[in-house]
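The values are calculated or read from the model by the stated rules, or taken from the named source; none is laboratory data. All values derive from a computational prediction rather than experimental measurement. All Cβ positions, glycine included, derive from the backbone under ideal geometry; neighbour counts span all protein chains shown. Quick note on the areas: whole protein, heavy atoms, side chains included, nothing else; ligands and nucleic acids left out. Shrake-Rupley method; radii C 1.70, N 1.55, O 1.52, S 1.80 Å.
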Amino acid sequence: MAGRRGRYYPAITPEILLRAYSIGLFPMAESADDPEIFWVEPEMRGLLPLDQFHVSKSLAKAIRAKPFDIRVDTDFAAVIELCAEPAKDRPSTWINTTIRKLYCELHRMGHAHSVEAWEGDELVGGLYGVSLGSAFFGESMFSRRTNASKICLVYLVERLRAKGFTLLDTQFTTEHLKTFGAIDVPKDDYLGLLKQAVDKPHLVF
């Protein structure tokens, strides 16, 4: 994992967390069972340019079939809990109890949000992140059905565009995110884009 990081103990507050985001830092834990948190500041930052977002033909076809009921902020706590669970492609996660508590507090403050895929009464996919100014910081996603998290990401981008957001931070790039147009940006360039976004009035998600 490229970038600076340092140990931090769980005296962190939601206000400190927002300040950290505003200067390019975000928290992680070594594992879901580790009570400690460290700050991460990647040398190369992952971004999804909102004006260059790409949806494949197959995914567009799947979206048109409307396989899920897509909702926003109806069960944020469940989304982050499911993101913290191990999966086949992710045997362990960095989301510990302290992180879950902090982000639920940010949600109550209007600074953390979830996009959710429901199949009847079952939550089968989703993502969550933090909003600050005109920036949205994507944190994690999960999927219990084919394309569930991907469709949530498409809905997120559509919503961010409609609301006037200017920056979608993915922290790091993955092969999966690159299929949507994610790019790596040097830290100094990222900080310039970040300052422009967080200096704007806070947008309603």
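Of the strands (runs of 3 or more DSSP E) lying entirely inside region 119-205, those carrying at least 2 residues that are within 20 Å of residue 20 (Cα to Cα) and over 15 Å from the mean Cα position of the chain (by Cα) are 183-186. When we screen 19, 71 for residues that are of a type in the set (D, E, K, R), farther than 21 Å from residue 160 by Cα and open to solvent by 60 Å² or more (accessible area, probe 1.4 Å), the only hit is 19. Before we move on, is residue 116 more than 18 Å from residue 46 (Cα to Cα), within 14 Å of the chain's Cα centre (by Cα) and of a type in the set (Asp, Glu)? In short, yes. Counting the residues of region 148-178 that are β-branched (Val, Ile, Thr), in contact with a helix residue (DSSP H, G or I) (Cβ under 9 Å, 6 or more places away or on another chain) and within 24 Å of residue 42 (Cα to Cα) gives 3. Per the conditions (1) modelled with pLDDT of 95 or more; (2) of a type in the set (D, E, K, R); (3) over 22 Å from residue 179 (Cβ atoms), the sole criterion not satisfied by residue 66 is (3).
The criterion of at least 3 residues that are under 17 Å from the mean Cα position of the chain (by Cα) and not acidic (Asp, Glu) is met by the following helices (runs of 4 or more DSSP H) wholly inside region 13-88: 14-22, 76-84. For region 124-144, the criterion of being more than 27 Å from residue 15 (Cα to Cα) and open to solvent by 10 Å² or more (accessible area, probe 1.4 Å) is met by at least one residue. Would it be correct to say that residue 74 is modelled with pLDDT of 95 or more and polar (S, T, N, Q)? In short, yes.
When the residues of region 89-118 are filtered to those that are without any contact (Cβ under 8 Å) to a residue 24 or more places away in the chain and assigned to a helix (DSSP H, G or I), the one that is farthest from residue 155 (Cα to Cα) is 101.
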